[in-house]
Structure formats: C-alpha cells, structure tokens
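The values are calculated or read from the model by the stated rules, or taken from the named source; none is laboratory data. The structure presented is a predicted model; accordingly, all values stated were derived computationally and were not measured. Note that each Cβ is placed from the backbone with ideal geometry, even for glycine, and that neighbours are counted across all protein chains shown. Protein only, heavy atoms only, side chains kept; ligands, DNA and RNA dropped before computing areas. Shrake-Rupley method; radii C 1.70, N 1.55, O 1.52, S 1.80 Å.
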Amino acid sequence: MKKRAIVLFNLGGPDAPDSVRPFLFNLFNDPAILSLPQPFRWLLAQIISRGRETKARGIYDKIGGKSPLLELTRAQADALQTELNKTGDADYRCFVAMRYWHPFAAAAASEVASFAPDEIILLPLYPQYSITTTGSSFADWAKAARALRLTVPSRIVKSYPSHPEFIAAQAELLNTERAKA
C-alpha cells in the first residue's frame, strides 16, 4: 500500500506568554514580511517584536495566554487523516508545519522523512494564497526538505477555497448549522 504524507501549513502562534516576543521576532524577521537585507531586518524585527510584545501578550491573555492555532490545526490534521484512511487506497499520515512557531517545517520534514512516504501533499490552511503566508511556508518547507535530502515526489494544493466542491461543502455545513437554529 502506498504511503502518503500530508503536511498542513499554518502561521503558528505563541504557546505561552514567554513565547510572544520570539514568535513576533520570527514573524518580522521573515524576508517575505520585511524585505530588508540582514542585519537591518534582524534589528527592525527586534525593535518591532519588543514594541508589540506587551500589547500582544494582553491579547493572548484574553484567550488563555496562548494561541489556539496549533491545537486547532492538529485537530484538523487528525480528522483529515482519519477520513482519508477510511478510503483504503493508501496509508495517509498528516503532519503539521507552523511558519513562525513550533513545530517548524524542519521538525515536520524530519517526521515526514521518518514516515518514508511515496508521495507528499502540501496543504496550506491559509484562506488565500499570499507570498507572505503560503509562499513563505512553502519556501521554508523546501529549505527543510533540501536539508534532509527529502526528494519524495510532492504536490501542492493551491487555491482550494475557490474550488466548487469546497464551496459546496462549506454551504452544506452552513445550511446544517442554520437548520439547527
């Protein structure tokens, strides 16, 4: 049976109050966000992350002191893996790669390599394509995969939010919830 790895990409977020500043630094140190040469980008990322830390911590305090994004993305990965494995056409395993906080693409790529898939499917969970989200995540994945010499054939899922079947599925979910009200 073929083995297929699906890598779900998302932004990431701090997992504790002390992670807020390093998360913000990682975000603003990305050349897709600030297109300055080093060391200027590093310096500006330090200034911005320190300047925004207090306000951002206050916002995260209101939702439990951390971002829920990793837990939600892992729940999506688990649900997707369960559904795909019901088809019986392959052994599917889903992995999570966050762009600006743990687990980073390098960790996900290492897990994928250990799984030794026949194919890798890259699935961004961003609502639309943007060089600063999807593009940056794919570039980070490519770097991590190269470092591990992970050369398994890969496919990228692009622009699914405008796919007619995705829209129909979303409409069905909304109609089901509306009928409950």
Could you tell me which of rounded, prolate or oblate describes region 99-181, using a ≥ b ≥ c as the square roots of the eigenvalues of the alpha-carbon gyration tensor, with rounded for a/c under 1.5 and, failing that, prolate when a/b is larger than b/c and oblate otherwise?
prolate
Restraint check, K62/K158; K3/K66; K158/K180; K66/K143, Cα-Cα greater than 31 Å
K62/K158; K3/K66; K158/K180
So, by mean Cβ neighbours within 10 angstrom, what's the order for 26-39, 88-101 with the highest one leading?
88-101, 26-39
Residues of the chain: accessible area per residue with a 1.4 Å probe, Å²
59 Å²
Residue farthest toward the positive end of the dipole of the chain, with Cβ of Lys/Arg at +1 and Asp/Glu at -1: which of L123, L36, C94?
L36
Can you give the accessible area of H163, probe radius 1.4 Å, in Å² rounded to 10?
90 Å²
Mind giving me the FRET efficiency for D89 and Q46? R0 is 35 Å, r the Cβ-Cβ distance, nearest 0.05 is fine.
0.10
Ignoring ligands and nucleic acids, D118 exposes an accessible area, probe 1.4 Å, in Å² to the nearest 10, of 80 Å²
Going highest first, how would you order 167-178, 59-70, 150-161, 122-133 by mean Cβ packing within 10 Å?
122-133, 59-70, 150-161, 167-178
Among L72, G13, I47, which residue has its Cα positioned farthest towards the positive end of the charge dipole of region 1-129, with +1 placed on the Cβ of Lys and Arg, -1 on the Cβ of Asp and Glu, and the dipole taken about the Cα centre?
I47
Please give the charge dipole size of region 118-181, origin at the Cα centre, charges +1 on K and R Cβ atoms and -1 on D and E Cβ atoms. Round to the nearest 20 debye.
220 debye
Anisotropy class of region 35-112 from Cα gyration tensor, a/c 1.5 cut:
oblate
Would you please give the residues with an amide H less than 5 Å from that of R4, counting only those at least 5 places away or on a separate chain, with H modeled from the backbone geometry?
D91, Y92, R93, D118
Sulfur and carbon atoms: percent of accessible area, the chain [1.4 Å]
59 percent
Pairwise Cα inverse-distance average, inverted: Kirkwood Rh of region 1-148 (Å):
16.3 Å
